[in-house]
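Sharing a structure, written as structure tokens. Questions coming.
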Amino acid sequence: MSEGIKTIIYPVRDVAAAKAVYTALLGAEPYADTPYYVGFKAGGQDIGLDPNGHGQGMTGPVGYHQVGDIKATLQALLDAGAQADQDVRDVGGGRLIATVKDADGNVIGLLQDA
């Protein structure tokens, strides 16, 4: 089902300041640098900065599990008792994401690449 957490997205209010901090932390320039997303590669993981995250209800970082079939995985989690948080949506380039919450309110991210 899950290939593990391959992407972590941080909601940021000041993308320029956050980009400087994560560039220093990771020792690399971002591979994606757009007004709506800044992405870094580090140790086989994507580290993303989302300047719209707070506006979409993100209160902290979200780990996204890489899955092969996001709709089937989402349904399996809902059937197991997870609560829907954000339905499947395309965030560009065919990349699909969705989030659910477990019984304690923890956010679980799902990600499927095209």
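The values are calculated or read from the model by the stated rules, or taken from the named source; none is laboratory data. Since the structure is predicted, the reported quantities are computational estimates derived from the model, not experimental observations. Please note: Cβ atoms are built from the backbone with ideal geometry, for glycine as well, and neighbour counts cover all protein chains shown.
Looking only at segment 1-35, how many residues end up being surrounded by fewer than 16 Cβ atoms within 10 Å (Cβ to Cβ), without any contact (Cβ under 8 Å) to a residue 24 or more places away in the chain and of a type outside the set (D, E)?
14
Condition (residue is at pLDDT below 95, on the phi < 0 side of the Ramachandran plot and assigned to a helix (DSSP H, G or I)) applied to segment 42-55: is it met by at least one residue?
The answer is yes, given that some residue of segment 42-55 is at pLDDT below 95, on the phi < 0 side of the Ramachandran plot and assigned to a helix (DSSP H, G or I).
Considering every residue within segment 18-36, establish whether at least one is assigned to a loop (DSSP other than H, G, I, E, B), under 24 Å from I108 (Cα atoms) and out of contact with any strand residue (DSSP E or B) (no Cβ under 8 Å at 6 or more places or on another chain).
Among the residues of segment 18-36, not one is assigned to a loop (DSSP other than H, G, I, E, B), under 24 Å from I108 (Cα atoms) and out of contact with any strand residue (DSSP E or B) (no Cβ under 8 Å at 6 or more places or on another chain), which makes the answer no.
Out of A84, A98, report the one residue that is over 24 Å from G39 (Cβ atoms) and of a type in the set (G, A, S).
On inspection, the qualifying residue turns out to be A84.
Just checking, does segment 43-52 include any residue being surrounded by 11 or more Cβ atoms within 10 Å (Cβ to Cβ), farther than 15 Å from L111 by Cβ and of a type in the set (G, A, S)?
no
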